[in-house]
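Remarks on the structure that follows.
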């Protein structure tokens, strides 16, 4: 196991793999808090915070009260990061882990995750539709601005030849050719 110094892990071929690398799991090994954090791509402060919230538990402590973490803890920490990436709050993640403790079969946590994933998917679809409308709005404005011969006459004289009068919020169609500016 690489030893840490004040300047960081020792350099050379025995330095630990990068966070997220499949080689970071070493069956039967334990990690100090800094090593665990580095391998998971989080800060030591984050690991301690997750412990305070009950999301992560230290496998054991040495005689000098130093925290030691297992490969299982590393997997759990990575799972927390994955669930956060999917938009779950730390409270929701803690709830899912509590369900797993209560139900060793994993069925309760599986069903809760399934429900949250479906909800997140519906939310993402709504955001996607909203973004598509926004993009369409920007695209017609871009096209209109590229085609207008006199920007200062929009709204106004330019409305007579504009193909976007149906969607334009400034077009009033009074027929006078003199629209009020916004």
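Filter segment 82-113 down to residues that are assigned to a loop (DSSP other than H, G, I, E, B) and within 21 Å of residue 124 (Cβ to Cβ) and give me whichever is farthest from the chain's Cα centre (by Cα).
89
Scanning for something in contact (Cβ under 8 Å) with a residue 24 or more places away in the chain and on the phi > 0 side of the Ramachandran plot, does segment 99-110 turn up at least one residue?
No, that holds for no residue.
Determine, yes or no, whether residue 69 is surrounded by 11 or more Cβ atoms within 10 Å (Cβ to Cβ) and farther than 15 Å from residue 50 by Cα.
Here the answer is no, as residue 69 does not meet what is asked.
Give segment 130-151 a look and list any residue that's exposed (fewer than 11 other Cβ atoms within 10 Å of the Cβ) and either modelled with pLDDT under 80 or assigned to a loop (DSSP other than H, G, I, E, B) (or both), or say none.
Scanning segment 130-151 gives 149, 150, 151.
Restricting attention to segment 4-61, report how many residues are assigned to a helix (DSSP H, G or I) and modelled with pLDDT of 90 or more.
The initial filter retains those residues of segment 4-61 that are assigned to a helix (DSSP H, G or I), namely 22-24, 33-40, 44-53.
From what's left, modelled with pLDDT of 90 or more: 33-40, 44-53.
Summing the residues that are assigned to a helix (DSSP H, G or I) and modelled with pLDDT of 90 or more in segment 4-61 gives 18.
The values are calculated or read from the model by the stated rules, or taken from the named source; none is laboratory data. Given the structure is predicted, the values throughout are model-derived calculations rather than measurements. Because the Cβ atoms are built from the backbone with ideal geometry, glycine has one as well, and the counts that use them run over all protein chains shown.
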